[in-house]
Structure formats: structure tokens, C-alpha cells
């Protein structure tokens, strides 16, 4: 879909399930889609049961009619493979396809994400169906992308997975002696004598209390294995489709900060990234922004597809508030502002049964166009037609980056200490919010990405420093970069074995410090420090550190470690290494990062209240400034640049005031 010559504007539409409805209703759906300016539908997401009734019998007659219908009405298609939920007959006849939970319970047929990724049955029939779909519909020129399965997730601990896990370990480590070394199995007498001794780490073996683990190395490797197993199942379908339609891009819909799957690895095997954005009723705007930027970062800044969002309500929250007037439009443009080249929904038409019958839709149960949601959908569709292709392919041009790493996340979540309150995503979010709310563009990057394009790289809680990554950071700082990290960083290598010699291990020379101890504080207790005349709290974790060349910027004010450093700055080569030894409050992160960004000559796009989000995207058409008013009051402010608002047509000169109503949006093409 992305970088597809058939795409002339931002694709607008989403998941459509006409197979759930009588055929006589389909033409009315087409009429309503046209009124709403819908131009793309995702088809066939959950139709495996209808398409295949036994091992050898396939039924494409209804899908043929649907494909002909949408083609006749000029709709583009994102064609799914239907493999997100296997048929009941398959579970009955081939029970190896059913997953086993962490507690050892064998699943029965039902739900979703219930196919074992290492099941021979699943690995046979899922790519076979994908191949048949590709062969049957390869001549349809309105298919602009393939959509494999749906929202992959979950884990399996069955005998098939246990066997494959042993094979995976043997391929990775070669010898049982090396497995024993990297898992430190001398601890508690866990030495393995043969690969056959190894069992899956779950609640029958190493796990307890909601998957806390007694052996981090084993559990960490199983996380990697599970993510790769599901990825390999996806790749079977990818290869089957690509062999038939090599020019049609292929994706699967991701889920933002979803922990079980390493999306940075997955993105290597996706032609473009797509994801489903479902913020909760009270999700702060910067959390959605961070997830958009994380998804954009999976392909080194290339635009992504917003594959799903709700037009109005979700159905799974404790209370499912309506999106207030203007919010659907606002959040759609927020996605575009952060790199989306599509605006798509789940769902196009509300089902009448099961758990998603009260999930929002373009066509409500009322079945006509006379609803508030439909009017808003239609108005946005008309705007996107007016916007055309102008923003397609546009990239962000950030000079600040935040490192996000799934292996690091897994290792921190499995760590036995130092605090149950340590949340990797939340710590990332503290730094992201401080930059985002100052309208400083941010890229979310992986440990494999090049650092040279950035003036500032922030790696909060970089607990795991993989082999070679310290060398990349070291070269970056020596060449003039600024690198900032925090407490609980540099402790272990990629197998979760501690790097001895003092924390932060391999980062020690770059930062010019060594950490002797860390004090984990309860929620109702804090220390404090004063920096640049302001006093800030020191909470959750407090590193007790010594300098080895670093400049001390401020110190703790309480307890037996009063006077020990909190913030340090170390000149290293042409650049600097910064260390933040504790967690603090929102005001601190904003103040401190503002100072470092000024040192690095990183400027905000413009200065606005926190409720006004401002981003920048650039392509051959020019530079686009997105302004989004998430507040409930009218915003007025002077523009530091001139341009034309592509939505209203109004022209501005530098210094002119712009006014944005509550929940309103402006997209300025700079002059």
C-alpha cells in the first residue's frame, strides 16, 4: 500500500465484513461508502471457516462476489488471508493446532490467537490458503496490499513448541555447555546434560506469580523463540503470496507497545508497517504520539499505515466513552502528523452478534447516514480527498532520538529486583513526553539503527547492552554526539548475565562514572536534589555512584548518601555522556531536556501550550507543519513561519496569528 503507484491520496476506509450480512444489504453499504468518501476496504479478515470446510475443500464463491462488488464500485482492497482464527473442524481433526497456556492448560476451539505457531497443521494449511487466495485474485488490479492474519499475539507452551525450542537453542548455541554458560545453570543446580533435559519455562517449571521467573536467561530466550516462531508462521504466508504477486506489498497489523513480539525484528519482513491504534478513554495524547513514532521507527522513519482505529467507541474498556465531536478527526490527523499515510477503521459496519457488536463503526446499527458519527466520517473523507497526495511519503526530520529495545524490555520485566515499580515503557515515556510537549521532533530507534543523524540520543534504563552496542555509542559520542542514559543501565549483556567490574558496565568509560549501589524506594518515600535553583524529587530508584572524570551537576540532599551525584556530564571525545541517577517528576524532565537540547542546537518547531501538538513532515512537495488542538479551549498564537493551511485554504505570513478551535487541526504547507 505504501509506495504503491495505485495510491493517489491517503487511503480512507477499513475492515468490511459483508460475509456476515445478507447479500441484499451489500449495495446499500456501497451507497453509504460513497457518501462517506470511503475508497479502500480490508476484506476477508476472519473467513477461514467459510473458505475451507475440510482438508481438501475450498469455497471461494461468496468472496468472488464480494471482490466483484467492491471492484465494480471502484474500491481499493487490502486483502487479508483469514488465518487469524482457524476453523472448528481443524481443531477437532488436528488438535495439535491448539495452544497450551503457561499453566499447562490445553486450549479448546474458540477465541482468537489460538493457533500454535509450531503446529504442523497450522504451518501446512495457513500458507496453503494464502497461496490459493493469491492465485485466485492475482488479476484484480484494485488489490493494493495483502494483510496476513490479524493482530498476531500470545504464546504457546505445547510439546511441539518445546521440541522446536530445543532445536532453536541447539542452532543458536551449538553445545549444551554453551547453554549452561549463558543461562548460568550452575545456580540452584540447574545444569543440563542434554538438550532433551530442557523444558519450556512456564508455571510448571520456572515461572510463578503471573510469569515472574526464577531463571531469567531461560525465560528471555523463550520470549525470543516465541516471537520468532510466530514471525516464521507469518513468513510462510508472506512467501506463499509473494511468489504469486511479487509487486503487491504485504503487511500485518501490529499493536504499538505490545510486549510479546519483537516488532523491530518483525519489521524486517514487512513491506510496510501497519498498526491498530486504540487509546483508552484516558490515554494522554503523548502516549498515542509515542506509539505512532515507535511504529514509524520500525522502518527507519518510513511512513506507516494506520490500519485500525475506532470511529466512536471501543468495546473492551471498563467504560467505553464516545469519542466527543471532533476527536475522531483529531486522532486521525494525529496519526498522519506522526507518519501515517492511511486513515482506516475497524469497523465499516457494526455486527449484530458476539463481543464486537457494540464496537464503533462507520455504518451503525441504525443502518443509514443520519448519525453523528457518519457525518463526521463523511466530512473527514471529503477533507482527505481535498488533501490528495500532498503529504504521501513525507518523513519526519528529527535530530533527537530515543532508543527502544524489546530484548531490553523483556529482560527488565523479568528482572528479580530492584523494584516492582520499574516500568520500561513508562520510563521511555517520561523522556518522550518532555520532548513531545515542547514540540521537539523525536525518532524512536532500535539498537541496530545508525546514530549519526542525531544530535541527541536518549536510552532510558538501558539495562541490557548487547555486544557491540557500546562500541556504536562510544563512536557516536567521540564524534560529537550527546548520549543520555539513566539508572539501571549497563548491567547485563544479551544473555542477562551481569557485566562484572561495576555498573554501568560497558558504558562506564563513556559516562565517566561507576555505580556502587542502588536504593529502591517505596511509593510514599523520596529523596531530593536541587539543580539550576529548583528542587526536584528523587523517586523509585536512587543510584549511589562515584565519578571517574564526569562533572557532578547536582547531588542528593537526604539520607546516608546525601552529597552523592544525581546528574553527571562527561566530556568524551568531541561529545558528551549524560547520566540521570534517579527517577523524578515531569517538571524535571522538561527542564533538563530543554537545557540539553539547547546545548545540542535542537529547537522546538514552535512554542505552544502542552495541549497544542505540533509536528513536521517533509517530502518533495515541501515542508508540512501539523498543528493539533487537543484542548477544550480555542488556541491563538503567532506563527514563526508562513504557509498555507491545506484544510482551510487560509494563507499566513510569519508573525500572523493562527486560531484553532477545540479539537481542530491545521496543516500548513510552508512557503
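The values are calculated or read from the model by the stated rules, or taken from the named source; none is laboratory data. As the structure is a prediction and not an experimental result, all values here were calculated from the model. No Cβ is skipped: glycine too gets one built from the backbone with ideal geometry, and neighbour counts run over all protein chains shown.
State which residue is farthest from the chain's Cα centre (by Cα) when the search covers only the stretch 447-462 and only residues that are buried (at least 20 other Cβ atoms within 10 Å of the Cβ) and under 24 Å from residue 493 (Cα atoms). Ranking the candidates gives 456 first.
Being crowded, with 20+ Cβ neighbours inside 10 Å, out of contact with any helix residue (DSSP H, G or I) (no Cβ under 6 Å at 6 or more places or on another chain) and at positive phi is the filter here, so list the residues in the stretch 466-490 that pass it. Listed by number, the list holds a single entry, 488. Being in the same structural domain as residue 307 (by TED's automatic domain parsing), surrounded by 14 or more Cβ atoms within 10 Å (Cβ to Cβ), modelled with pLDDT of 95 or more and touching a helix residue (DSSP H, G or I) at 6+ places or on another chain (Cβ under 8 Å) is the requirement here; does residue 30 meet it? Yes, satisfied.
Restricting attention to the stretch 110-126 and to residues that are in contact with a strand residue (DSSP E or B) (Cβ under 7 Å, 6 or more places away or on another chain) and part of a loop (DSSP other than H, G, I, E, B), the residue that is nearest to residue 235 (Cα to Cα) turns out to be 116.
Total residues in the stretch 646-661 satisfying the condition of being assigned to a strand (DSSP E or B) and over 18 Å from residue 331 (Cα atoms): the figure is 5.
So that you can scan it fast, the table gives a plain yes or no per residue for (1) touching a residue at least 40 places away in the same chain (Cβ under 8 Å); (2) more than 30 Å from residue 522 (Cα to Cα):
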| position | (1), (2) |
| --- | --- |
| 417 | yes, no |
| 425 | yes, no |
| 432 | yes, no |
| 442 | yes, yes |
| 452 | no, yes |
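Looking across the stretch 127-142 at every residue that is touching a residue at least 60 places away in the same chain (Cβ under 8 Å) and part of a loop (DSSP other than H, G, I, E, B), the one that is surrounded by the most Cβ atoms within 10 Å (Cβ to Cβ) is identified as 142.
For the stretch 341-364, filtering for residues that are in contact (Cβ under 8 Å) with a residue 60 or more places away in the chain and crowded, with 20+ Cβ neighbours inside 10 Å leaves 11. Every condition in (1) assigned by TED's automatic domain parsing to the domain that holds residue 359; (2) outside any helix (DSSP H, G or I); (3) in contact with a helix residue (DSSP H, G or I) (Cβ under 9 Å, 6 or more places away or on another chain); (4) without any contact (Cβ under 8 Å) to a residue 60 or more places away in the chain is met by residue 288 except one, and the failing one is (2).
Yes or no, residue by residue, for (1) in contact (Cβ under 8 Å) with a residue 40 or more places away in the chain; (2) surrounded by fewer than 18 Cβ atoms within 10 Å (Cβ to Cβ); (3) part of a loop (DSSP other than H, G, I, E, B); (4) in contact with a helix residue (DSSP H, G or I) (Cβ under 6 Å, 6 or more places away or on another chain):
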| position | (1), (2), (3), (4) |
| --- | --- |
| 144 | yes, no, no, no |
| 151 | yes, no, yes, no |
| 154 | yes, no, yes, no |
| 157 | yes, no, yes, no |
| 165 | yes, no, no, yes |
| 177 | no, yes, no, no |
| 181 | no, yes, no, no |
| 188 | no, yes, no, no |
| 191 | no, yes, yes, yes |
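Residue 488 fulfils the conditions (1) over 30 Å from the mean Cα position of the chain (by Cα); (2) not in a helix (DSSP H, G or I) except for a single criterion, (1). Of the residues in the stretch 195-208, at least one is modelled with pLDDT under 95 and surrounded by fewer than 17 Cβ atoms within 10 Å (Cβ to Cβ).
A quick yes/no check of all residues on (1) modelled with pLDDT of 95 or more; (2) surrounded by fewer than 21 Cβ atoms within 10 Å (Cβ to Cβ); (3) in a helix (DSSP H, G or I); (4) outside the structural domain of residue 623 (by TED's automatic domain parsing):
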position: 333; (1), (2), (3), (4): yes, no, yes, yes
position: 366; (1), (2), (3), (4): yes, yes, no, yes
position: 370; (1), (2), (3), (4): yes, yes, no, yes
position: 385; (1), (2), (3), (4): yes, yes, yes, yes
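Within the stretch 96-121, the set of residues being buried (at least 17 other Cβ atoms within 10 Å of the Cβ) and within 29 Å of residue 70 (Cβ to Cβ) comprises 113, 115. Among the residues of the stretch 63-91, those identified as part of a loop (DSSP other than H, G, I, E, B) and closer than 18 Å to residue 127 by Cβ are 81, 82, 83, 84, 85, 86, 87. Condition check for residue 226 on (1) assigned by TED's automatic domain parsing to the domain that holds residue 183; (2) crowded, with 21+ Cβ neighbours inside 10 Å: one failure, at (1). Of the residues making up the stretch 423-434, none is touching a helix residue (DSSP H, G or I) at 6+ places or on another chain (Cβ under 8 Å), modelled with pLDDT of 95 or more, surrounded by fewer than 22 Cβ atoms within 10 Å (Cβ to Cβ) and not in a helix (DSSP H, G or I).
Of the residues making up the stretch 646-671, just one is without any contact (Cβ under 8 Å) to a residue 24 or more places away in the chain and surrounded by 16 or more Cβ atoms within 10 Å (Cβ to Cβ), namely 652.
Just to verify a result, which residue in the stretch 491-515, among those that are under 13 Å from residue 543 (Cα atoms) and either under 30 Å from the mean Cα position of the chain (by Cα) or modelled with pLDDT of 95 or more (or both), is surrounded by the fewest Cβ atoms within 10 Å (Cβ to Cβ)? Result: 514.
Condition check ((1) in the same structural domain as residue 340 (by TED's automatic domain parsing); (2) crowded, with 16+ Cβ neighbours inside 10 Å; (3) part of a strand (DSSP E or B); (4) at pLDDT 95 or above) across all residues:
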| site | (1), (2), (3), (4) |
| --- | --- |
| 589 | no, yes, no, yes |
| 595 | no, no, no, yes |
| 606 | no, yes, no, yes |
| 618 | no, no, yes, yes |
| 623 | no, yes, yes, yes |
| 628 | no, yes, yes, yes |
| 632 | no, no, no, yes |
| 636 | no, no, yes, yes |
| 641 | no, yes, no, yes |
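Taken together, 260, 246 contain a single residue that is free of Cβ contacts under 8 Å to residues at least 40 places away in the same chain, part of a loop (DSSP other than H, G, I, E, B) and out of contact with any helix residue (DSSP H, G or I) (no Cβ under 6 Å at 6 or more places or on another chain), which is 246.
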